[in-house]
Amino acid sequence: MESQDTYSRLIELLDQHQARYRLIDHAPEGRTDIVSPLRGNDIKQAAKCIILMVKQGKKTTKYVLGVVSGEARIDMKAVGALMNATYVSFASNNIAEELAGCVSGTVLPLPSIRNWSSLPIPVCSKIRNSFSMLPAWIDPWR
């Protein structure tokens, strides 16, 4: 897994675009309700990024990066309908961490960091309409 490489790419991208940010060092944490206070933000300001496995029939398996508000849960039925899937589940930790390049709980909503140009990113409308943690020059939903 390339966790440090993913982190380095993120910092590089932020610096390249002269983004204002602050580093908050903490252990990887997969629970938004625990990490939000560490970061100094309300849970509703957080975004959960979860890699899902989507099956389209018996022979086609795809992976998507689901993004929802910190207090929300992924609506598997909605993702299934959006992706025309017959089955949707969380990807295994091994696959999720391989695709994300970092440990579960630290997945970024930025596919360009991992060259995920083909990875679909279903994003809940609450995040899409009010997400203000990313600078305007980053559009993970294009």
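Laid out as a table, the results:
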item: Meets criteria (touching a helix residue (DSSP H, G or I) at 6+ places or on another chain (Cβ under 8 Å) and modelled with pLDDT under 85) for Trp137; result: no
item: Filtered residues of the range 1-42 (kept if farther than 21 Å from Ala100 by Cα and in contact with a Leu (Cβ under 7 Å, 6 or more places away or on another chain)); result: Tyr21
item: Residues of the range 34-55 satisfying the condition of being of a type outside the set (A, V, I, L, M) and under 16 Å from Leu23 (Cβ atoms); result: Arg39, Gly40, Asn41
item: Strands (runs of 3 or more DSSP E) fully within the range 38-97 counting 3 or more residues that are closer than 21 Å to Ala27 by Cα and at pLDDT below 90; result: 47-56
item: Number of the exception - Asp33 against (1) at pLDDT 80 or above; (2) among the charged types (D, E, K, R); (3) in a loop (DSSP other than H, G, I, E, B); result: (3)
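The values are calculated or read from the model by the stated rules, or taken from the named source; none is laboratory data. Remember, it's a predicted structure, so these values are computed and weren't measured experimentally. Counting neighbours? That spans all protein chains shown, and the Cβs are built from the backbone with ideal geometry, glycine included.
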